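In what follows, a single structure is set out as C-alpha cells and then discussed.
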Amino acid sequence: MRDTSPEVDAMYTEMLLSLPPGRRVQMGLEMLEFGMTMALAGIRMECGGQDEVTERLMLFERLYREDFSDEEMKKVLSALRVHHEARQGVQGRPDLAPEAQPSKETRDSAIEED
C-alpha cells in the first residue's frame, strides 16, 4: 500500500539524494540499528530472561530462518554460539573490548567530513 503522492515521493527522493553520501550511509545504519533494537525488544518481551548470546541467536534465527534448512540452522546457531561465547571470554585483547570501538561522536565526525 502506498499512501504517499508521487509528487511528495519525488520530493523526498530528491531530498535524500541531495545529502552527502556519508550522511545517507549514516541514516541507513541508524535505521538498521533501530530495527535490530526493536526486534531484540520483541524477543525480550516474548522470551524474557535470556542471556545476550541467546537473544542474538534468536534474532539471527528470526531474520534468516527461510534461508537455511532446519539442520543447517542448527549448525549455524551452534557455530555462532561458540563464536559469541569465545568472544565474550576473550581476555588480554583490548582491541576487542567495547571501549576500544569508536564512539558515536567519532563515527559521526568522520561521516560529516565526507
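Overview of results
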item: Loop-located trypsin sites (Lys or Arg not before Pro) in the stretch 1-32, at most 12 other Cβ atoms within 10 Å (DSSP); result: R2
item: For T54, T4, order by how many other beta-carbon atoms lie within 10 Å, fewest first; result: T4, T54
item: Q50/A10 FRET efficiency (R0 35 Å; Cβ-Cβ; nearest 0.05); result: 0.20
item: Phi-based couplings in Hz for the stretch 21-29 (Karplus 6.51, -1.76, 1.60; Gly and Pro marked x); result: x, x, 5, 5, 4, 4, 4, x, 5
item: Vicinal HN-Hα couplings computed from phi for the stretch 40-47 (Karplus, 6.51 cos²θ - 1.76 cosθ + 1.60; Hz; Gly/Pro x); result: 5, 4, x, 5, 5, 5, 6, 10
item: Neighbour-count ranking [beta-carbon atoms within 10 angstrom, fewest first] of V82, V53; result: V82, V53
item: Nitroxide proxy distance, nm - points 7 Å out along Cα→Cβ at Q88 and D3; result: 4.1
item: Additional length obtainable on full extension of the chain from S69 to V25, 0.36 nm per residue less Cα span; result: 12.6 nm
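Coordinate-derived values only; no laboratory data. Keep in mind the model is a prediction, meaning the values are calculated, not measured. Glycine also receives a Cβ, built like all others from the backbone with ideal geometry; neighbour counts cover every protein chain displayed.
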